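Visitor: Handing you this structure, nothing more for now.
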Amino acid sequence: MAFTREPVRMSGVLRGSGGGETAKCMVSALRVTLEGTRFFKDCQFSIEWVSRPLPEGNYRLLFDAKTIDVCLSKRGWREVAA
């Protein structure tokens, strides 16, 4: 079966795990859709923009009815393995 790939952007919210830090953000992803269906999967997430500076640490990224654990460090945002 064939599929299509397209970049998408979605609004999200970052919530700190300990200090109660919260910020709005913009998330980009690659949407893979099975042609001829409504089935799709978003993958390769990245946080493109954050509404305010946040301290380094662990956060929950909430967007498009999904929740992903992420970490902010000097190297930037990265997904935390479950």
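Visitor: Being loosely packed, with under 15 Cβ neighbours inside 10 Å and part of a loop (DSSP other than H, G, I, E, B) is the filter here, so list the residues in region 1-40 that pass it.
Guide: Once the filter is applied, which keeps residues that are loosely packed, with under 15 Cβ neighbours inside 10 Å and part of a loop (DSSP other than H, G, I, E, B), region 1-40 yields Met1, Ala2, Ser17, Gly18, Gly19, Gly20, Glu35, Gly36, Thr37, Arg38, Phe39.
Visitor: Regarding Leu54, is this residue assigned to a loop (DSSP other than H, G, I, E, B) and surrounded by 15 or more Cβ atoms within 10 Å (Cβ to Cβ)? Lay out the reasoning, then the answer.
Guide: On the way: assigned to a loop (DSSP other than H, G, I, E, B): yes; surrounded by 15 or more Cβ atoms within 10 Å (Cβ to Cβ): yes.
So Leu54 passes the test.
Visitor: With the structure loaded, tell me whether Glu35 is farther than 19 Å from Val8 by Cα and modelled with pLDDT under 95 or whether it fails that test.
Guide: Values: farther than 19 Å from Val8 by Cα: no; modelled with pLDDT under 95: yes.
Spelling it out, it is not the case that Glu35 is farther than 19 Å from Val8 by Cα and modelled with pLDDT under 95.
Visitor: Among the residues of region 49-56, are any of a type outside the set (A, V, I, L, M) and on the phi > 0 side of the Ramachandran plot? Walk me through it before giving the result.
Guide: Within region 49-56, the first condition is being of a type outside the set (A, V, I, L, M), and the residues that meet it are 49, 51-53, 55-56.
Then keep just the ones that are on the phi > 0 side of the Ramachandran plot; that gives none.
No: zero hits.
The values are calculated or read from the model by the stated rules, or taken from the named source; none is laboratory data. It should be emphasised that the depicted structure is a prediction, and the values quoted were computed from it without experimental measurement. Glycine gets a Cβ as well: all are built from the backbone with ideal geometry, and neighbour counts include every protein chain shown.
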